[in-house]
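The values are calculated or read from the model by the stated rules, or taken from the named source; none is laboratory data. Source: prediction; values computed, not measured. Here the Cβ positions follow ideal geometry from the backbone for every residue, glycine too, while neighbour counts run over all protein chains shown.
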Ligand code: ADP
Ligand code: ZN
Ligand code: ZN
């Protein structure tokens, strides 16, 4: 038998798969087997992507794999990984990398494997010895046997419980009193922290929720998949619908994947699934230790855990019998991976659901135009408690000095006076956006990127938000010696201080990636805000995620139209979602709530619709605009970025790709310069295509052709299909 093996290599040029003869000793080898194979003079790890009876390689040149590794990757996932590679213009090795056990790496030996622990179990003779009559026992040995009466323990646990050393444990085993065995022991991550509103048991579903659940369960029972959009306003109880849908899948002997934007930012959602389904849930997230990730993967692979909750990469969870994929907050940008393979978990989920006959449920209060157009919609038009959505007031900032409008100051003052809670969103970290010299006009810029440095006052530094470059905050201008340095604009750090003065003595909690870095830090801030009787939570878009705090009475968005000033076709969609989502955090309790949106242009379409909680109206206009411009979902975009440390070659490379593109129906925009990033000049092409597969193939061959040409050294190419 011949195994077609795709080597896990980072080299783009290597064209697999390669044929290997499978010897009798490796007869279990199948699609998904991981093999260590000789490759030239090296040994390499590879994945079997196909089997064949015969090979075109002459017999004498065929070689055999060295070994097969445990565990195998499910064949479905191998195909999914290869599909992603093709769909996103990546390489088979990188596509397969997404579906391998965590920690596999590229070397011939995985970096992570199951943890084996020495465990001891009491034997009948051991019980006898405890009752006396048997051979004599030392004090610690007796204590060890006593401890084992309740059940087997690991050697480490036993030594803690009884002080019995490894050596005396071995002597107990030699005397036939205990059995020692090396057994696998799973490393389990701790449960997600508890944040936000508690739910006692399972609530009775509202009519709209029941109706939504029926539609999903109907699809599950029909058994032929289906793609649904659960379009429910904020607070309409979408999570409860997901929970019931997952339960329904489990009852039918199927498994489920629940994708959430980012576990650290939405600990509440993951917590609800753990609470409802206990150890049946495996939670995967980026902050897990390598061993924990590996063991959770194994629990899923073996069917010990039947529900996987996790961020975008969980779409590749190795669950047998997949019946349901839920995508919570489907509008969230984190579903798109920003490194090669630049996959979109929503698109992968649709494909996987179709292939495996699973039902896909994408939920949001602010669905993407793509989803609205293509998925079958189920609506949850009202909040579960029957309360209306909070009134939203958009205030114009033209002519206002300072960060806060008078209306906002008054509203915050009311929160202070009544001892309530507010959430304030400003999507900008740091103290000031940029610094300039009042005398000579020098602006502090990043030496590696064409952007200004942001002042972080507490850290005493100015930093680049694109590459991480950091230098001490200046007190003197190095060009003219002036000590007069002006600070422009306000970020969350400065706003925090301003709010503290305004609402004193209420506490102010800041949530952004500076204030909450490290494992568990975000959840800790959310927990403190949740536990406080009153206070203000201020932060970046992190504060607008699906948090459910019932006692927030005021939501504020500052500089709401800042995102509209980016030259990006998704600017409107993003602005709408951000404002509508923040508005959704307010007024979830008996005291009701309100929202104030500050903007330079209060009449911007995205803001008007968000203020009216009118996502249908927004989507209608947005879809019309996209139809006219042939933007997604009416066309596909592919972005090619060429970059180089020197100025010049990146534009020439982009020109060359453009010239090599064998596409006529597609419009090619560019090359257009992008700002210098991490010391690299950049040039971009955007391809607008009607047919995705044709365009991807054309781009792939054009880029590969240009890469192969000489004289392109030092130029990097990145291809992004469906850029965000
Ligand atoms: P969404 O995700 O749609 O914004 P959530 O799922 O966060 O809404 O639900 C809002 C709140 O309503 C949660 O605290 C949830 O426990 C509660 N809830 C959901 N369904 C019901 C129900 N049928 N009866 C009572 N409370 C419910
Ligand atoms: Zn100066
Ligand atoms: Zn930089």
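Some points to look at:
- Within the range 75-87, none of the residues are under 18 Å from residue 9 (Cβ atoms) and part of a loop (DSSP other than H, G, I, E, B).
- Note on the range 572-676: enclosed helices (runs of 4 or more DSSP H) holding 3 or more residues that are in contact with a strand residue (DSSP E or B) (Cβ under 9 Å, 6 or more places away or on another chain), within 30 Å of residue 547 (Cα to Cα) and in contact (Cβ under 8 Å) with a residue 24 or more places away in the chain are 605-611.
- Taken over the range 376-388, the residue count meeting the criterion of being in a loop (DSSP other than H, G, I, E, B) and within 11 Å of ligand 1 (Cβ to nearest atom) is 6.
For every residue, the table says whether it meets (1) in a helix (DSSP H, G or I); (2) out of contact with any helix residue (DSSP H, G or I) (no Cβ under 8 Å at 6 or more places or on another chain); (3) at pLDDT 85 or above; (4) at negative phi.
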residue: 137; (1), (2), (3), (4): no, no, no, yes
residue: 142; (1), (2), (3), (4): yes, no, yes, yes
residue: 145; (1), (2), (3), (4): yes, no, yes, yes
residue: 150; (1), (2), (3), (4): no, yes, no, yes
residue: 158; (1), (2), (3), (4): yes, no, no, yes
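- Test: residue 248 is farther than 26 Å from residue 511 by Cα, surrounded by 24 or more Cβ atoms within 10 Å (Cβ to Cβ) and at pLDDT 95 or above: no
- Hey, residue 467 touching a strand residue (DSSP E or B) at 6+ places or on another chain (Cβ under 8 Å), within 16 Å of ligand 3 (Cβ to nearest atom), touching a residue at least 40 places away in the same chain (Cβ under 8 Å) and more than 24 Å from residue 402 (Cβ to Cβ) or not: yes
- Note on the range 424-456: residues that are more than 12 Å from ligand 3 (Cβ to nearest atom) and without any contact (Cβ under 8 Å) to a residue 12 or more places away in the chain amount to 2.
- Of all residues in the range 644-660, exactly one satisfies the criterion of being within 11 Å of residue 687 (Cβ to Cβ) and buried (at least 20 other Cβ atoms within 10 Å of the Cβ), namely 657.
- A residue that is modelled with pLDDT of 95 or more, more than 30 Å from residue 516 (Cβ to Cβ) and either in contact with a helix residue (DSSP H, G or I) (Cβ under 9 Å, 6 or more places away or on another chain) or within 16 Å of ligand 2 (Cβ to nearest atom) (or both) can be found somewhere in the range 442-457.
- Selection status of residue 264, in contact (Cβ under 8 Å) with a residue 40 or more places away in the chain, out of contact with any strand residue (DSSP E or B) (no Cβ under 8 Å at 6 or more places or on another chain), surrounded by fewer than 21 Cβ atoms within 10 Å (Cβ to Cβ) and closer than 30 Å to residue 510 by Cβ: no
- Considering only residues in the range 486-503 that are without any contact (Cβ under 8 Å) to a residue 60 or more places away in the chain and surrounded by fewer than 19 Cβ atoms within 10 Å (Cβ to Cβ), the one that is nearest to ligand 2 (Cβ to nearest atom) turns out to be 486.
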